[in-house]
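Single-structure report; data block below.
The values are calculated or read from the model by the stated rules, or taken from the named source; none is laboratory data. In this text, all values refer to a predicted model and were calculated from it rather than measured experimentally. Methodologically, a virtual Cβ is constructed for each residue, glycine included, from the backbone with ideal geometry; neighbour enumeration extends over all protein chains shown. Heavy atoms of the whole protein, side chains included, go into the accessibility calculation; ligands, DNA and RNA do not. Shrake-Rupley method; radii C 1.70, N 1.55, O 1.52, S 1.80 Å.
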Amino acid sequence: MFPGSFDYRAPTTLDEATTVLSERGEEAKVLAGGQSLIPLLKLRLASPALLVDIGRIPGLDRIELRDGGLTIGARVRHADLERDRRLATTFALLAETAPWVSDPLVRNLGTVGGSLCHADPAGDWGSVMLALGAELVLRSRAGERVVQASSFFVAPFEPALRPDELLTEIRIPAPRGRSAGTYLKLERKVGDFATVGVALQLEMTDGHVARCGIGLTAVAPTNREATEAGAALVGKELTDEAIAKAAQLAAAAADPRDDIRGPADYKRDVVRVFVQRGLRTLRRSLEEARS
Amino acid sequence: MSVEVRPLGGIGESVKRKEDARFLRGKGNYLDDLTLPGMLHMAILRSPHAHARIRAIDTSMAQAAPGVVAVVTGELLAQHKLAWMPTLSGDTQAVLATDKVRFQGQEVACVVAETRYQAEDALQLIDVDYEVLPAITSPQQAMAEGAPLIRDDKQGQQDNHIYHWEAGDREATDRAFASAAKVVRLTTHYPRSHPAPLETCGIVADVNPATGKATLYMTSQAPHAIRTVFSLVAGLPEHQIRIIAPDIGGGFGNKVPVYPGYVVATAASLLLGRPVKWVEDRTENLISTGFARDFHMTGELALDHDNRMIGLRVSLLSDNGAFYADAQPSKFRAGLFHIVTGSYDIPAAHVTADGYYTNKAPGGVAYRCSFRVTEASFLIERLVTNAALELGIDQTELRLRNFIRPEQFPYRSATGWVYDSGDYQRAMRLAMEKLGYEDLRREQAERRARGELMGIGVASFTEVVGAGHGAEFDIMGLRMFDSAELRVHPTGKAVLKLGVKTQGQGHETTFAQIVAQELGIPAADVEVQHGDTDNTPYGLGTYASRSTPTAGAATAVVSRKLRDKARKLAAHLLEAAEEDLEWERGRFFVRGSPERAKTIQEVAFAAYTNLPEGMEPGLEGVTYYDPPNMTFPFGTYMVVADVDRGTGQVKVRRVVAVDDCGVRINPMIVEGQIQGGLCEGWGIAFTEQITFDPDGNCIGSNFTDYLLPTAWETPEFETYATVTPSPHHPLGAKGVGESATVGSPAAYVNAVIDALWPLGVTNIDMPVTPDKVWAALRARGVGE
Ligand SMILES: Cc1cc2nc3c(=O)[nH]c(=O)nc-3n(C[C@H](O)[C@H](O)[C@H](O)COP(=O)(O)OP(=O)(O)OC[C@H]3O[C@@H](n4cnc5c(N)ncnc54)[C@H](O)[C@@H]3O)c2cc1C
C-alpha cells in the first residue's frame, strides 16, 4: 500500500495539459479523482513516472443542458450527477445510476470521465453511456476528435484513448419522444462493483419504441451494448412478449465469466431478469406519466 | 472536607464510555501514531506462491538501495536460532522461510530502512528463486493418498495430519443412535473468515543498547502472556522485556498470537541498536495473520418417538493452514467445540476432530468465537432447525421440548461441561413475543401460497466463555486466571490496573463501574490502566469473552478486600466497633445513628494520615482470580428474511435478539457488543469468505474482495435481555463479547433454509451468496 515514486504536474489550462501529455504521455497517467488510479499505485500495479493532475483546469466540471442534449465535463464527479436535480426528468438514467456507484466517499472524489477512461468492464458509467448513445470528446495537441461510446471500450481497461489525449467532455444526444431510464445493479454489498448491471434507456413515440439502449456491466470483457435486444424492440409496442424476447437477446449478448461473484450462467440469467424487470418498470412509469 | 454528591456509575448504569472522549476527538494513541527518535521502518517480502522450495535469495541489490540499513533473511535468523518460533498450540512456525514457503503471503525476507517507502522500494529488488510445488487447499486434499508433505521440516512427520481429538462417550452415543426413531444429518463447511480489525497488527521494537531492556509497543490483546513467550523464544530475561499495548483499534482474536514481524523487528532493533517499526498493510493482515474457522463439519442428531433428542454425533475436519498456530487452551485441540450439545438436554454425544496442514495461512480460532464455540453453535442450531423441518414440527416447539430446564442447573453435559445457570425457555418465549412469531408464521403461509419465498430463522445458542479455571485451561502451561490491582489515593481517587487489555470493549468504563459498585468511589474517579506489563499485574489477556468473568471478578474481589480494610479504618475514625458499622455504597455509618458516618474518601485519607495502632498505611491490594468454572451465556435470535426468486438475493427484514449474559454491568456497552456481533454474524452468513484458487492463491486479500458488512447493508437489530445471574461469579456476570457472533450466523442461515425448505433445499453453506441461492432455486425449477 505504498506507491513507488513519481513526478507530479498540475496544469492549469487544457493547452498546458495536452502539451505535457504530448511530451511525456507514454510514461504519464492523467489523475482525475484518483479513485481507480491511486489504488493501482498503492498496490504497485501501475508505476507511472508522472501524474498529470487535471484537477486545476477550469471548466471541466460543467453539466450543461443544451437543445435537449446534455454535456458532462470530464471532471464532473459521481456525486454531482447524484445531486443535479435537472437530470431527474430527462436523464433519469444518470441520476439513478449515480447512487449505485460505490459509496459516498468515492462519489465525492471519483469522476465520470475517469470512470470511462479507466474502462473497467465492471464500471457502471460505461453501460450508461452506451445505453444513452453518448459521444466522447478527446483532445490532444493535434486537435479534437469525437468517439462514439460504442467504439470507446476496446478491451478490459483499454479505452480508445491515445497516451497524448485527454477526455474533455461527454455528450449525450437529446432523447426522442417520451423517455425513461433506469439502472439495475446486483452488488454483494454497498459500495461493491457490480456482479451484474443493466442500464436501460427507453424512448417511445406514439406508443411504439423509438429507441431502446441496453448497456451491460460486468458481464463481458468491456461494458457492452446489447444492440440486437434493443433493435428488436424498435417500432414495437412494449408487450410482455416483446420484453421477454428482448431480455433473452440481452442475456445472449452477455459473455460473463465464472468468478468469486458467481458462475457465468447465473450472471447471464440475472441480465435476463434485470432487463425484463427494468423494461416493465419503465413501461409502468411512462404509463403513469401519461395518465 | 466537603463531600461532593456525584453520580456513582455503579453496576447497571449505562455510563458513557470514558475512552470515547479521546477516540472521538482523534486523541487516541494507536501503535502507528508512535514515532521514536532514530526509528527505522521495516517491510516484509512475502511469498507469491502457496507452496514452493526456495532455491536461492539474492539480496545484494536491495542491500545497496537508498536508505536501506539491513536486509534480513531466514538464513541470517538461523544463525541466531530465530528462523523458527513456537506457536501457541505447541507447533513451530517459520519466522522467515529458509527451506520452503508453505502459504501465499508467508514471510520470506525483511528490509529495514530509514523510511517505509524506501523499505518497500527495496523489497522489489530482492530476487527469490522459487521451485513451485503443488498446493493443498483443503483437509480432504491433505489426507489424500500421495498428497505432498507440507511439513517436511518436522522430524517424523510422515503426512499432513496434525491431531486427532475426541470428546464425549462413543459407545453411549452409538447405543442412542441404534435406538433412534429418527436421525437427521447435516454436512457443512464453516468458511474461513478473518477478524479484520480496522487497525492492523504492528510493533515498535525499542531495544536499548545501553541497558539491554526491550520495550516493545505492540498491538497485543495479551501483553503479559506474550512477554513470557518472547522471553522463552528470544532467550531474553523476562524483566528485561516490557510490552506496552497502546490503544487498540479492534482485535477480535487477531491480536493474540506472536507474528513473525514482531520477532524480526525485535531482533533487528537488538542488532541495530535503533527502534524499528513494522505495521502491516491491509493485505498483509488479511493474508497472513490469524484467520478463523475453516471447519468441515458433519453432525447427526438422533431423536426418539417423542421428538426428544437422544444422541449427537459429530465429526470434524479442521483446516489449520501451514502451521498449527491456534491460540487456544492447550488441552483442547479443537477448542471448546464440545459445547456442541448447546442448549439441549442430549444424554449422549460424541465428537471426533482431525486437524490437517494445508498451504494456507496459519491460525484458526481468532474472531470472536471463544475457541470454536461459533462452529459448535452453528452446527447444532442448523441441525435442530433441519430436524424440525424434517419432522414437520415447529422449530420453536422442538427447541422448547428439548431445552435443558431451569431446575436442571448446574447441568452436566454429555461432553463434560457443567453449565452454571440458564433459563432458555424464557429467552425464547420473549423472542417469540417481540417478533410476533405466530403472526409471521401466518404471513409466511400466505406468501407461500402466492409463490413468495419468506423464512423465519431461529437459533438458541449456549456459549461457554471466561476461561479458565486454571486447572483445566492453560496456554503454554500458563493458567488462565486474571488479575486486578487497586490503589486508592489519599484524596479518594483510585487507579485500577488490569492484566487484561481492551481493544474497544470499554474496560476503562466497565471496570471502573465495578469499583464504584463495590467500594463506592464514583466511576469517574477510577482510572483504569492496562496494557503495560511493567505497570500491571500478570494476566492472560482479553479474548474468549473472558475479561468480565476473570478480571471483572478479580476487580470485585480486590474492591471488597479494600472495603474490609476501610471498615477497620472507619471504625477507628468513628470510635465504634467494626460490627456496629453499616455499609451503604460510599460510606460507613454507625448502626442506629446514620449521622455518625465516614465517606470512603474520608476513610481513604485516613489510610495515609490517621491510622489505628499497628495498621499498615495505604489502601491498596491485588487479586489474582482463578474462576471455579466457565460461564454459559445464552439467548435466542430470530431472523425474518425474504428471498428474491429472480436473483437469489436475501433481504433480512427483521432481527430480534434476546441475550442473557447474567448481570449487565454497563447495559449500553453490552448492547454495543451485541449490535456489533449481530452485524458481524450477518457478514459471516452472507458475504465474508477467504477462499483460495487451486494454486493456493488467496482470494479475499483486500476489502473489495473480503466483504465486511457496514451499517448500510445490515438490518436494524431489535435487542432484548433476560438476566439469569451466574451463581459462581462474584457479580453474577457472564461474558458477552462473542454471544452474537457465535449465535447469529445460524439464525440467518436458518431463515433462508426455512424459506426454501418446501422446494427441497436442506442446506446452503455459508456465505449464503445470491448465486448459491439462485443455483438452489434453478435446480428445483424455480425462477422468474
Ligand atoms: C472502493 C471503491 C469502490 C468503487 N465502486 C465502484 C462502483 O461500484 N462502480 C463504478 O463504476 N466504479 C466504482 N469505483 C471506481 C470509481 O468510480 C472511480 O471513481 C472511477 O473508476 C475513476 O474515476 P476517477 O476520477 O477517480 O479517475 P482516476 O482514478 O483519477 O483515473 C482513472 C483512469 O482514467 C484515466 N483518466 C482519468 N481522467 C481522464 C481524462 N479526463 N482523460 C484521460 N484519461 C483520464 C487515468 O489516467 C486513469 O488511468 C470504485 C472505486 C473505489 C475506490
| task | Give the residue that is nearest to the chain's Cα centre (by Cα), with candidates limited to residues of the stretch B:31-55 that are open to solvent by 50 Å² or more (accessible area, probe 1.4 Å) and not basic (Lys, Arg). | result | B:32
| note | Filter the stretch A:184-225 for residues that are surrounded by fewer than 20 Cβ atoms within 10 Å (Cβ to Cβ) and outside any loop (DSSP other than H, G, I, E, B); the one that is farthest from the other protein chains (Cβ to nearest Cβ) is A:205
| Hits in the stretch A:147-183 (condition: among the aromatic types (Phe, Trp, Tyr) and either buried (at least 19 other Cβ atoms within 10 Å of the Cβ) or in the same structural domain as residue A:281 (by TED's automatic domain parsing) (or both)) | A:152, A:153, A:183
| Pairs under 9 Å by beta carbon, first residue farther than 19 Å from residue B:749 by Cα in the stretch B:682-695, partner at pLDDT below 95 and open to solvent by less than 40 Å² (accessible area, probe 1.4 Å), six or more apart or different chains? | B:691/B:700; B:692/B:700
| said: For the stretch B:321-365, give me each residue that is open to solvent by 10 Å² or more (accessible area, probe 1.4 Å) and modelled with pLDDT under 95. | reply: B:325, B:327, B:330, B:331, B:332, B:333, B:365
| request: For the stretch A:153-176, state whether one or more residues are away from the ligand (no atom under 16 Å from the Cβ) and of a type in the set (Ser, Thr, Tyr). | output: no
| said: Regarding the stretch A:4-23, can at least one residue be identified that is under 27 Å from residue B:709 (Cβ atoms) and either more than 13 Å from the ligand (Cβ to nearest atom) or within 14 Å of another protein chain (Cβ to nearest Cβ) (or both)? | reply: no
| When you go through (1) more than 13 Å from chain A (Cβ to nearest Cβ); (2) over 37 Å from the mean Cα position of the chain (by Cα) one by one for residue B:646, which number turns out not to apply? | (1)
| task | Could you tell me whether any residue of the stretch A:106-122 is open to solvent by 40 Å² or more (accessible area, probe 1.4 Å), more than 27 Å from residue A:164 (Cβ to Cβ), within 13 Å of the ligand (Cβ to nearest atom) and not assigned by TED's automatic domain parsing to the domain that holds residue A:282? | result | yes
| said: Against the definition (more than 11 Å from the ligand (Cβ to nearest atom), closer than 30 Å to residue A:283 by Cβ and away from chain B (no Cβ under 14 Å)), how does residue A:180 come out, yes or no? | reply: yes
| field | residue B:10 vs. criteria open to solvent by less than 20 Å² (accessible area, probe 1.4 Å) and either without any contact (Cβ under 8 Å) to a residue 60 or more places away in the chain or not charged (D, E, K, R) (or both) | value | yes
| request: Could you please tell me which pairs satisfy a Cβ distance under 9 Å, a separation of 6+ or placement on different chains, a first residue in the stretch B:707-727 that is more than 14 Å from chain A (Cβ to nearest Cβ), and a second residue that is modelled with pLDDT under 95? | output: B:726/B:466
| query | Can you tell me which residue in the stretch B:429-465 is most open to solvent (accessible area, probe 1.4 Å), limited to those that are within 18 Å of residue B:634 (Cβ to Cβ) and acidic (Asp, Glu)? | reply | B:433
| Exactly one of (1) within 40 Å of the chain's Cα centre (by Cα); (2) surrounded by fewer than 17 Cβ atoms within 10 Å (Cβ to Cβ) is unmet by residue B:594. Its number? | (1)
| query | For the stretch B:89-119, which residues satisfy the criterion of being open to solvent by 20 Å² or more (accessible area, probe 1.4 Å) and either within 24 Å of residue B:322 (Cα to Cα) or under 32 Å from the mean Cα position of the chain (by Cα) (or both)? | reply | B:90, B:92, B:98, B:99, B:104, B:116
| remark: Of the residues in the stretch A:227-276 that are within 13 Å of chain B (Cβ to nearest Cβ) and small (Gly, Ala, Ser), the one that is farthest from the chain's Cα centre (by Cα) is A:244
| request: Sort out which residues of the stretch A:70-105 are of a type in the set (Gly, Ala, Ser), open to solvent by less than 10 Å² (accessible area, probe 1.4 Å) and either touching a strand residue (DSSP E or B) at 6+ places or on another chain (Cβ under 8 Å) or farther than 21 Å from residue A:197 by Cβ (or both), and write them in order of number. | output: A:73, A:74
| remark: Restricting attention to the stretch A:24-45, the residues that are within 9 Å of the ligand (Cβ to nearest atom) and within 14 Å of another protein chain (Cβ to nearest Cβ) number exactly 5
